[in-house]
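Visitor: Have a look at the structure that comes next, please.
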Number of protein chains: 2
Amino acid sequence: MAQKPSIPKGTRDFSPSEVAKRNFIFDTVKKHFKTFGFQPIETPSFENSSTLMGKYGDEGDRLIFKILNSGDFISKVDDVTYSSKDSKSLTPKISEKALRYDLTVPFARYVVMHQNEIDFPFKRYQIQPVWRADRPQKGRFREFFQCDADVVGANSLLQEVEFIQLYDAVFADLGLSGVNIKLNNRKILAGIAEVIGAKHLLIDFTVALDKLDKIGEEGVKKEMLSKGISEASIEKAAPLFTLSGTNLEQLQSLKTLLSNSEEGTKGVEELTFIIESITTLGLQSASLSIDVTLARGLNYYTGAIFEVSAPEGVKMGSIGGGGRYDDLTGVFGLKDVSGVGISFGLDRIYLVLEELNLFPEAIDQSLDVLCLNFGDKEALAALKLITQLRASGIKADLYPSNTKMQKQFKYANNRKVPFVILLGDSELENNSFVVKNMEEGSQKEYSLKKIEDFINYLS
Amino acid sequence: MAQKPSIPKGTRDFSPSEVAKRNFIFDTVKKHFKTFGFQPIETPSFENSSTLMGKYGDEGDRLIFKILNSGDFISKVDDVTYSSKDSKSLTPKISEKALRYDLTVPFARYVVMHQNEIDFPFKRYQIQPVWRADRPQKGRFREFFQCDADVVGANSLLQEVEFIQLYDAVFADLGLSGVNIKLNNRKILAGIAEVIGAKHLLIDFTVALDKLDKIGEEGVKKEMLSKGISEASIEKAAPLFTLSGTNLEQLQSLKTLLSNSEEGTKGVEELTFIIESITTLGLQSASLSIDVTLARGLNYYTGAIFEVSAPEGVKMGSIGGGGRYDDLTGVFGLKDVSGVGISFGLDRIYLVLEELNLFPEAIDQSLDVLCLNFGDKEALAALKLITQLRASGIKADLYPSNTKMQKQFKYANNRKVPFVILLGDSELENNSFVVKNMEEGSQKEYSLKKIEDFINYLS
């Protein structure tokens, strides 16, 4: 019995046109990664489980795809564990490898393993798929590409400045103007928690603040209260909800608010440096704005925090994000390596470009020229012509069988071929070929001895 | 305790220089795939186990990496199976997904699932990793890329002709001249088995014949005898061991030998058409030769069989192979779809290019220009200059900290940067920058107002 085929939920097939569009984004991002001095690395799809487990919290551990050991894996399980019939204790006995969950932990592992070959500061980019056993839903997949650039071993804030420029360069090149790069600093969040007397509740405080967009000022205050942050503390944080003016004006307000916090003051200084540098250097089309509510994986970041939102009017979550994190590699035994990095959200950028109709028009034109097939002898002559076209970089093909003209033209139309070549017996006699412009319907005859005339016309 | 990190056996990290070299091969192959009219698709890394299991024989089933079900997977195992403590019966109960083992089965699955969107004939290429739980050894990995091009829905032998041209175009472009494309046809092998009276022993016959290179004529005959092929049959096959002359002369001998086999005669006709067409069209640098010992996965192929060997003098197995197979998609319910395809052996091609020193010299030059860092003010001016260089597509970077010149120059040397820019306080005063040519040791001063002079010099 033939199987009716399907693919696992949360995974996708990509058609030629989808691959072309995805590659358009990847290629653009890569081009700028390279001009900014980043170098590519690639790591294996699966890592030893010990490399991944425990690095993403309990939720992460649960969502990591585990690979079953090969061979007679059950014979290696001791009887006590086996008789417990407990998935959690059984898993490490029957699975030693797991699929990559993100690119950051494998990168940290890479840096530690290859530290003697690497010239620090090391600017690396990595574009590879990751896998998460998340519940699939609209826009969330179990296999998706991450697209990361990080610098390790450089403490200078110029790195943060460069990442803002990099976001701007990529989105400008993609034709996506009007993205907003939001900027915050963990030190500012910590400083605020400190000056309002809620230092021990930093995480609760920032998680609530992060929701300002969604639940409004009252909602945020309510959540803070429910987490044990006092009315008095919340009152002290009031200036956060009314921050306004330019970035530098907002920083001025924050400076006043945070004057009693050393850490907070440091955060304001850092953001001021970044904002002033970007003002000097200028951006092509993105805007840059301070956003003190921005937290992202706060436990992770120790300095700057970035997030990019799509142009106004496009309903889409963030299309990129990142920040600075100290001690990237400590867990693998290499201390005091600071990192800072950003990522591009491929799937969402794809949807935004699609919605705004920003993909180049000819992006899924996979064939420049199709030669029709009039029979063996003519086909061989056509293949000779095609061989020369291909050698000039022209995407050319021969319809493989001598079938009805109507069917061959239909195929040409379906594949959106702009030029169809007719090389039948009369042309063969004349040593010529006829080119039909499929959009205009016009025809022109060329000599087989001067194929370059047609090649020049095409280029 | 910090972990000492490692990666699973049979997997690899790729350094920036290795990624650059691998991409050089991929990009070259892709360029020609495209000019030959192939379109890219991508399929998920894991498939439902039912899609993969049973498609590659028992050995294949064993080597497929299975993914453990998420959550409390054990609770779904019935008591009878669980108490058997048998890995083989337990596997399908705790694992429903498996990592791709090759690109052909997922492609067949894709064609069937998307048959209504596809314009046949469909020429697709696919370059993605596959995974096999094979014992790792020199040149054999548990994760490696396959690089395939196939045509489905076209019976014409012109496809075979084009694949030979495609091999030639790619290897010529890689600078790898002198590869030998070996060509056979299953119908010829079947015809020989038929005329020598060993039709029922076709597989044993061809498996033995395939070893001629390694064990010599006597070895082959001995193996055939041991498999039950009679002395008389082996005697009749003698002409195979003395085939000589040009391809067309060999085909003439085969024609005589196979005159009593309809299938064999068909095979000779097919090869004759292919050889004559290629003779008419010409090849750039590859040679094409009939090789009746060539079998590869014979059970799989039904017509032409290809294999490419590295230039003489390079010790390396085949660097590519393929053939025609009928009924690619039958197992998934779509009958009568003939396919023909080839693949490129990336890892081996890499080793051959490395051995022959054929990678472009500047392939791992990841930076064109490095600006040294003389302090905050100078660094910001340098970043302004760098921003303009990058916008012109130049790979430029700023050393991130104001550290000792010696250290900065050492970094430039390690990264093989051809030009180092000095922009210190005196240059800043002069509104200029100094470019040092690292190979020649020479220096030249440019005006910050005429950066294009330097850009033009570089390009």
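Each value in this text was obtained by applying a stated rule to the coordinates, not by laboratory testing. Quantities reported herein were computed from a predicted structural model and do not represent experimental measurements. Glycine gets a Cβ as well: all are built from the backbone with ideal geometry, and neighbour counts include every protein chain shown.
Visitor: On a straight-distance basis, which lysines could pair with residue B:410 in a cross-link, Cα separation under 18 angstrom, same-chain partners fewer than 8 positions away excluded?
Guide: Within the straight-line limit of under 18 Å, residue B:410 reaches these lysines: A:123, B:436.
Visitor: Continuing with this model, one more query. Using a Förster radius of 60 Å, what is the FRET efficiency between residue B:280 and residue A:215 based on their Cβ-Cβ separation? Nearest 0.05, please.
Guide: E between residue B:280 and residue A:215, to the nearest 0.05, is 0.20.
Visitor: Taking only the alpha-carbon atoms of the range B:220-307, what semi-axes of the equivalent ellipsoid follow from 5 times the gyration tensor eigenvalues under a square root, in whole Å, largest first?
Guide: 26, 15, 13
Visitor: Calculate, for residue B:388 and residue A:225, the FRET efficiency according to 1/(1 + (r/R0)^6) with r their C-beta to C-beta distance and R0 45 Å; round to the nearest 0.05.
Guide: About 0.30, to the nearest 0.05.
Visitor: Above 35 Å lies some portion of the pair distances; for chain A, what is it as a whole percent of all C-alpha pairs?
Guide: Result: 49 percent of Cα pairs exceed 35 Å.
Visitor: Right, something else. Got a sec? Charge dipole of the protein assembly as shown, +1 on Cβ for Lys and Arg, -1 for Asp and Glu; which of B:400, A:380, A:91 is way out at the positive end?
Guide: My answer, from the dipole projection, is A:91.
Visitor: Let me ask something else. Which helices count as membrane-span-like in chain B under these terms: full DSSP H, at least 20 Å along the axis by C-alpha, Kyte-Doolittle mean of 0.0 or more?
Guide: Correct list, ordered by number: B:158-173, B:262-281, B:376-391.
Visitor: Among A:413, A:446, A:243, which residue has its Cα furthest toward the positive end of the charge dipole of chain A, with +1 on Lys/Arg Cβ and -1 on Asp/Glu Cβ?
Guide: Farthest towards the positive end: A:413.
Visitor: Compute the label-point distances linking residue B:315 to its equivalents in the other copies; points lie 7 Å from Cα along Cα→Cβ; give nm, one decimal, shortest first.
Guide: Here residue B:315 shows inter-copy label distances of 6.6 nm.
Visitor: Placing +1 on the Cβ of each Lys and Arg and -1 on the Cβ of each Asp and Glu in the protein assembly as shown, which of A:177, A:53, B:434 has its Cα farthest towards the positive end of the resulting dipole?
Guide: So the residue we want is A:53.
Visitor: For residue B:252, place a label point 7 Å from Cα along the Cα-to-Cβ direction in every copy; what are the distances to the other copies, in nm, shortest first?
Guide: Output for residue B:252: 9.7 nm, nearest copy listed first.
Visitor: Another question about this same structure. If you project the alpha carbons of the range B:274-409 onto the principal axes, what extent comes out on each, in Å, largest first?
Guide: Result for the range B:274-409: principal-axis Cα extents of 71, 44, 29 Å.
Visitor: Give the calculated FRET efficiency between residue B:72 and residue A:315 to the nearest 0.05, with a Förster radius of 30 Å applied to their Cβ-Cβ distance.
Guide: 0.25
Visitor: Rounded to two decimals, what is Rg over Rh for the range B:8-129 when you use alpha-carbon atoms and the Kirkwood radius?
Guide: 1.08
Visitor: Can you list the distances in nanometres, one decimal and ascending, from the residue B:86 label point to the identical position in each other copy, with the point 7 Å along Cα to Cβ?
Guide: Listed shortest first, these distances are 2.8 nm.
Visitor: Place a +1 charge on the Cβ of each Lys and Arg in the range A:1-127 and a -1 charge on the Cβ of each Asp and Glu, then give the dipole magnitude about the Cα centre in debye, rounded to the nearest 20.
Guide: My answer is approximately 500 debye.
Visitor: Follow-up. With the radius of gyration and the Kirkwood radius both derived from the Cα set of the range A:268-307, what is their ratio Rg to Rh?
Guide: We get a ratio of 0.99 for the range A:268-307.
Visitor: Pairs to check: B:416/B:444; A:407/B:30; A:34/B:31; A:21/A:315; A:76/B:88; B:222/B:266. Give those whose C-alpha atoms are more than 25 Å from each other in this structure.
Guide: A:407/B:30; B:222/B:266
Visitor: Something else now. About its Cα centre, how strong a charge dipole does the range A:66-186 have in debye, to the nearest 20, once Lys and Arg get +1 and Asp and Glu get -1 at the Cβ?
Guide: Taking the Cα centre of the range A:66-186 as origin, the dipole is about 600 debye.
Visitor: Which shape class applies to the range B:365-458: rounded if a/c is under 1.5, otherwise prolate when a/b exceeds b/c and oblate if not, where a ≥ b ≥ c are the square roots of the Cα gyration tensor eigenvalues?
Guide: In terms of gyration-tensor shape, rounded.
Visitor: Need one number: nm distance between label points at residue B:31 and residue A:246, each 7 Å from Cα along Cα→Cβ, rounded to one decimal.
Guide: 4.9 nm
Visitor: Would you tell me the mean number of C-beta atoms belonging to other protein chains that fall within 10 Å of each C-beta in A:150-161, as a whole number?
Guide: Neighbouring Cβ atoms belonging to other protein chains average 3 per residue here.
Visitor: So what's the protein assembly as shown giving for Cα Rg divided by 2.2 N^0.38 Å, two decimals?
Guide: 1.07
Visitor: Where in chain B lies the longest segment free of trypsin sites (Lys or Arg not before Pro) that are both loop residues by DSSP (not H, G, I, E, B) and have at most 12 other Cβ atoms within 10 Å?
Guide: Counting at most 12 other Cβ atoms within 10 Å as exposed, the longest clean stretch of chain B is B:139-314.
Visitor: Output the relative contact order of chain A, whole-number percent, from Cα pairs under 8 angstrom with separation of 6+ residues.
Guide: Relative contact order comes out at 14 percent.
Visitor: While we're looking at this one, here's another question. Round to a whole angstrom and tell me the spacing of the C-alpha centers of the range B:277-333 and the range B:337-402.
Guide: The distance from the Cα centre of the range B:277-333 to that of the range B:337-402 comes to 35 Å.
Visitor: How much length is gained on full extension from residue B:426 to residue B:83, taking 0.36 nm per residue of separation minus their Cα-Cα distance?
Guide: 115.3 nm
Visitor: Test of understanding: given chain A, find the longest segment containing no GluC sites (Glu not before Pro) that are in a DSSP loop and have at most 15 other Cβ atoms within 10 Å.
Guide: In chain A, the maximal stretch lacking such sites is A:118-311.
Visitor: In debye, nearest 20: dipole of the range A:365-458 around its Cα centre with unit charges on the Cβ of K, R (+) and D, E (-)?
Guide: Result for the range A:365-458 is approximately 320 debye, rounded to the nearest 20.
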